[in-house]
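Trainee: Let me begin by handing over the structure; questions about it come next.
Read-outs: derived from the displayed coordinates by stated rules, not from any lab. All figures in this text were calculated on a predicted structure; none of them were measured in a lab. For neighbour counting, all protein chains shown are included, and Cβ atoms are generated from backbone atoms with ideal geometry for every residue, glycine included.
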Amino acid sequence: MNTTTRESRKGIVSAAPLLTFTFAIFLAAMPAASIAADPETKEHKPVIVQPSELQWSDNLALPAGVKVSILYGDIKKAEPIGFRVKLPAGGMIAPHTHPVDERVTVISGAFAMGEGEKFDKAALKEMPAGSVAIFPRGCAMFGFAREETIIQVNAEGPWAINYIHPADDPRKK
């Protein structure tokens, strides 16, 4: 191999990290895809929700006193969804499953969650504000609020709650 060819290859090899770095900067500068689209124009737009804008309402699938506020998405559609749940002190969510993976973040209060088909206070794991729990679809879980608590649920819809014991389902009362 002659000297000119060796020097040319050396230049290409040393340029590879620079090209990789440049491509990474290019990718980082590209706008991220949004999860919100205007239904009429299909234009993607950011979603920004201030706490003062939350609209709390009852949900027939959850116990009396528990309130829900939808942040984004339609829980009945196959799309990203996010909603908050406000539980009163002593509020309990009986053992249940979901048809989708669920990510629960404690926003405020004192919440505890457990896994299993029977509500068992000894199985509860404390989740102070900032804690995250990830439950795969079909995993039986239950929750308890020691004080007024707000949790945030993120999932890919459609979302539903299926109580293990029909007697625990508020929709059947």
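Trainee: For Ala129 and Leu60, compute 0.36 nm times the residue count separating them, minus their Cα-Cα distance, and round to one decimal in nm.
Mentor: Computed gain between Ala129 and Leu60 is 22.2 nm.
Trainee: Could I ask something else about it? Please work out the ratio of the alpha-carbon Rg of the stretch 63-173 to 2.2 N^0.38 Å and round it to two decimals.
Mentor: So the Cα radius of gyration is 0.98 times the expected 2.2 N^0.38 Å.
Trainee: Now, a different point. Place a point 7 Å from the Cα of Leu71 along the Cα-to-Cβ direction; which residues of the stretch 77-102 have their backbone N under 11 Å from it?
Mentor: Zone members listed by number: 81-85.
Trainee: Using DSSP to define loop residues, name the GluC sites (Glu not before Pro) in the stretch 84-118 whose beta-carbon has at most 10 other beta-carbon atoms within 10 Å.
Mentor: none
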